[in-house]
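Scroll down for the structure; my scribbles are underneath it.
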Amino acid sequence: MWTQEEAMDSTKSEPLQGSPEAEDGNIEYKLKLVNPSQYRFEHLVTQMKWRLQEGRGEAVYQIGVEDNGLLVGLAEEEMRASLKTLHRMAEKVGADITVLREREVDYDSDMPRKITEVLVRKVPDNQQFLDLRVAVLGNVDSGKSTLLGVLTQGELDNGRGRARLNLFRHLHEIQSGRTSSISFEILGFNSKGEVVNYSDSRTAEEICESSSKMITFIDLAGHHKYLHTTIFGLTSYCPDCALLLVSANTGIAGTTREHLGLALALKVPFFIVVSKVDLCAKTTVERTVRQLERVLKQPGCHKVPMLVTSEDDAVTAAQQFAQSPNVTPIFTLSSVSGESLDLLKVFLNILPPLTNSKEQEELMQQLTEFQVDEIYTVPEVGTVVGGTLSSGICREGDQLVVGPTDDGCFLELRVCSIQRNRSACRVLRAGQAATLALGDFDRALLRKGMVMVSPEMNPTICSVFEAEIVLLFHATTFRRGFQVTVHVGNVRQTAVVEKIHAKDKLRTGEKAVVRFRFLKHPEYLKVGAKLLFREGVTKGIGHVTDVQAITAGEAQANMGF
């Protein structure tokens with residue numbers, strides 16, 4: 001099993017409270033904003049635009065705090081005037097403000113002084129709403145699909161699984177109550193921070209149009225039988241973070257440790273939700289939380305657990321989770337009684353993007369590269385592919401090439417239309433997930449694991465590549481000739497170990513550079529890409545260090561290999 005020790009993430013946590021204001025990021029400290037001059041007001045508006053750009057459409061203002069992080073606080077009249085100014089600033093840039101929390105501070109003064117934390121969120125323009133992808137992990141029957149049903153439909157569960165029925169895609173899932181495929185569910189928040197979901201008989205298009213921020217939940221399978229599907233979801237869909245669901249009455253059971261280990265190995269930040277608290281005594285819930293805290297503090301994990309019990313905790317958890325990958329918020333809730341469900345919504349509403357705008361800009365300057373994760377045929381539309389744009393910009397009408405095919409070729413195609421979260425979109429930017437309609441392009445020529453790239457990229461393909469790996473677990477010795485299933489991004493294929501450099505064999509816990517050869521067809525790989533491989537109980541992680549590029553002709557010659 002994947003265990004948290006296997007992932008060997010040993011980063012340390014950093015102090016967060018009272019730290020000086022960062023130049024980058026979307027948090028702005030302001031002591032007070034009382035009657036600013038016109039020149040000062042224009043400067044403040046420019047500053048707000050910068051913070052909103054850093055947070056891709058949202059920023060947090062802390063009023064009553066000096067630039068060095070000193071909590072001074074303001075008297076009531078000054079605070080009212082400051083919030084009025086902040087409202088004017090937000091109006092000027094087309095944003096709304098929501099007060100997140102207020103708190104009194106001890107400062108040398110007879111008058112009570114307060115700090116106010118305000119969320120500033122831009123009303124979306126040109127469909128560029130903030131989109132966060134959250135992978136949902138957890139053991140079978142921990143309540144993943146039920147929780148998502150409750151969040152996205154706006155109705156509590158009846159205790160017998162009614163909420164999850166809307167999420168299942170196959171008859172056998174409805175009959176067994178177990179997810180076997182990857183499904184996507186959306187939860188929106190408008191510019192005022194209010195939940196936008198299906199509760200008002202909205203369609204997906206209406207949810208997207210009404211939302212400034214979208215949370216896309218990637219519901220992954222919990223059963224061990226579908227572990228390959230779960231791994232594909234984590235490696236291919238590039239989630240910003242993961243939600244690990246643990247049932248209060250069973251604790252860390254079944255595939256929970258495997259899923260925790262997977263998130264650590266792939267360095268996906270995660271938070272934990274303890275579900276079904278309505279079924280157990282308070283002492284049972286506390287025991288499960290203590291068990292989780294113990295696991296998170298172990299050397300292989302090095303996480304800082306943070307139990308969320310109030311709205312104030314939820315705001316702090318969202319900010320600290322974004323600033324430090326080590327902080328792991330823990331929520332305890334019920335999908336039947338609705339207990340503490342609002343705290344999770346507050347957390348998701350405030351959670352900022354985990355990549356900064358500078359990284360996003362750099363990716364957008366590169367040539368277009370789109371990972372193909374799903375392939376569909378839609379009546380009157382034709383062939384449609386779903387996936388993530390890993391670099392560049394993609395527009396309607398763009399001419400791209402897709403491949404590699406089994407014989408190593410790249411084929412020309414045209415992007416007819418783009419949809420993001422089921423609503424039409426003219427421009428797709430790096431890091432965004434979408435579906436692209438390809439018209440009458442032959443679906444039979446496509447498969448998961450392909451890429452669509454700019455023709456100028458002149459993409460390289462390989463059948464042989466090298467990777468620096470750590471063997472996390474193997475029952476005997478890992479040696480030349482061993483076959484494993486390799487996962488690299490959206491690529492999933494069987495490969496054979498051709499050579500282990502400087503060693504004859506590997507045992508559990510050992511590191512080495514290994515040469516692999518794909519058995520079926522060549523793939524498009526990049527140096528530095530994270531790699532994960534498995535076969536039965538054998539598991540390992542690493543990254544690609546060298547790619548032996550081949551031409552289409554060489555690929556055809558190797559086809560019989």
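The values are calculated or read from the model by the stated rules, or taken from the named source; none is laboratory data. Computed from a prediction, not measured in an experiment: that's the story for all the values here. Cβ sites come from the backbone with ideal geometry, for glycine too, and all protein chains shown count toward neighbours. Protein only, heavy atoms only, side chains kept; ligands, DNA and RNA dropped before computing areas. Shrake-Rupley method; radii C 1.70, N 1.55, O 1.52, S 1.80 Å.
Using only alpha carbons, the stretch 243-400 has a radius of gyration to Kirkwood radius ratio (Rg to Rh) of 1.08.
Of all DSSP beta bridges in the chain, what percent run antiparallel (nearest 5)?
75 percent
Computed from label points 7 Å out along Cα-Cβ, the spacing between A475 and E76 is 7.3 nm.
Among the trypsin sites (Lys or Arg not before Pro) within the stretch 220-312, those in coil by DSSP and having at most 15 neighbouring Cβ atoms inside 10 Å are K267. Taking a straight Cα-Cα cut-off under 26 Å and skipping sequence neighbours fewer than 8 places away in the same chain, the lysines within cross-link reach of K144 are K213, K225, K267, K276, K282, K297, K303, K345, K448, K539. Surface exposure of the stretch 452-492, expressed per residue as accessible area with a 1.4 Å probe, stands at 39 Å². Annotation: the antiparallel percentage among DSSP beta bridges lying fully within the stretch 294-420 is about 70.
What is the magnitude of the charge dipole of the stretch 196-314 about its Cα centre, with +1 placed on the Cβ of each Lys and Arg, -1 on the Cβ of each Asp and Glu, and no other charges, expressed in debye to the nearest 20? Once rounded to the nearest 20, the dipole reads 780 debye. Evaluated over the Cα positions of the chain, the convex hull gives a direction-averaged projected area, one quarter of its surface, of 28.0 nm². With the contact rule set at Cα under 8 Å and sequence spacing of 6 or more, what percent relative contact order holds for the chain? So the answer I get is 11 percent. Mean projected area of the Cα convex hull of the stretch 311-450, taken over all directions, amounts to 11.7 nm². Amide H to amide H distances under 5 Å link Q432 with L389, where only residues 5 or more positions off or on other chains count and H is placed in the peptide plane. In terms of overall dimensions, the stretch 367-508 has a Cα radius of gyration and Dmax of 18.3, 57 angstrom.
Over 18 Å apart: what share of the alpha carbon pairs of the stretch 509-552 falls there, rounded to a whole percent? When all Cα pairs of the stretch 509-552 are counted, 34 percent exceed 18 Å.
If you count only protein heavy atoms with a 1.4 Å probe, what accessible area per residue comes out for the stretch 275-364, rounded to a whole Å²?
On the way: 3830 Å² over 90 residues.
Ligands and nucleic acids excluded, the result is 43 Å² per residue.
If you sort E77, E369, E286 by accessible surface, 1.4 Å probe, largest first, the order is E77, E286, E369.
For I375, the shell of other residues with beta-carbons less than 12 Å away shows a net charge of 0, using +1 for Lys and Arg and -1 for Asp and Glu.
In the complete set of protein chains, residue-level accessible area for K526 is approximately 90 Å², probe 1.4 angstrom. Across D546, D110, the residue with the most accessible area heads the list, and the full order at a 1.4 Å probe is D110, D546. Stretching Q366 away from S417 to a fully extended chain increases their span by 16.2 nm, per 0.36 nm per residue minus the current alpha-carbon distance.
With Cα atoms defining each centre, the stretch 336-350 and the stretch 478-535 are spaced 42 Å apart in the structure.
Taking the Cβ of L343 as the center, what net charge do the other residues with Cβ under 11 Å away carry, scoring Lys and Arg +1 and Asp and Glu -1? Its environment carries a net charge of -4. The helix-only estimate of mean residue ellipticity at 222 nm for the chain, built from DSSP H runs of length n ≥ 4 each weighted as -39500 (n - 2.57), is -7000 deg cm²/dmol after division by the residue total. Its Cα gyration tensor gives the stretch 400-440 an equivalent ellipsoid; the semi-axes, largest first and in whole Å, are 23, 12, 8. Largest first, the extents of the alpha carbon coordinates of the stretch 460-539 on the three principal axes equal 34, 25, 21 Å.
The value of relative contact order for the stretch 321-430, using C-alpha pairs under 8 Å at least six residues apart, is 18 percent.
If the Kirkwood radius is taken over C-alpha pairs of the stretch 421-482, then at 25 °C and 0.890 mPa s the Stokes-Einstein diffusion coefficient equals 144 µm²/s. Extending 7 Å from the Cα toward the beta-carbon at both T203 and K84 defines two label points whose distance is 4.5 nm.
Each principal axis of the Cα atoms in the stretch 188-269 has its own extent, and those three values, largest first, are 38, 31, 22 angstrom. Divide the volume of the convex hull around the Cα atoms of the stretch 314-379 by the residue count and you get 188 Å³ per residue.
Q38 sits among other residues whose Cβ lies under 14 Å from its own Cβ, and their net charge, with Lys and Arg +1 and Asp and Glu -1, is +2.
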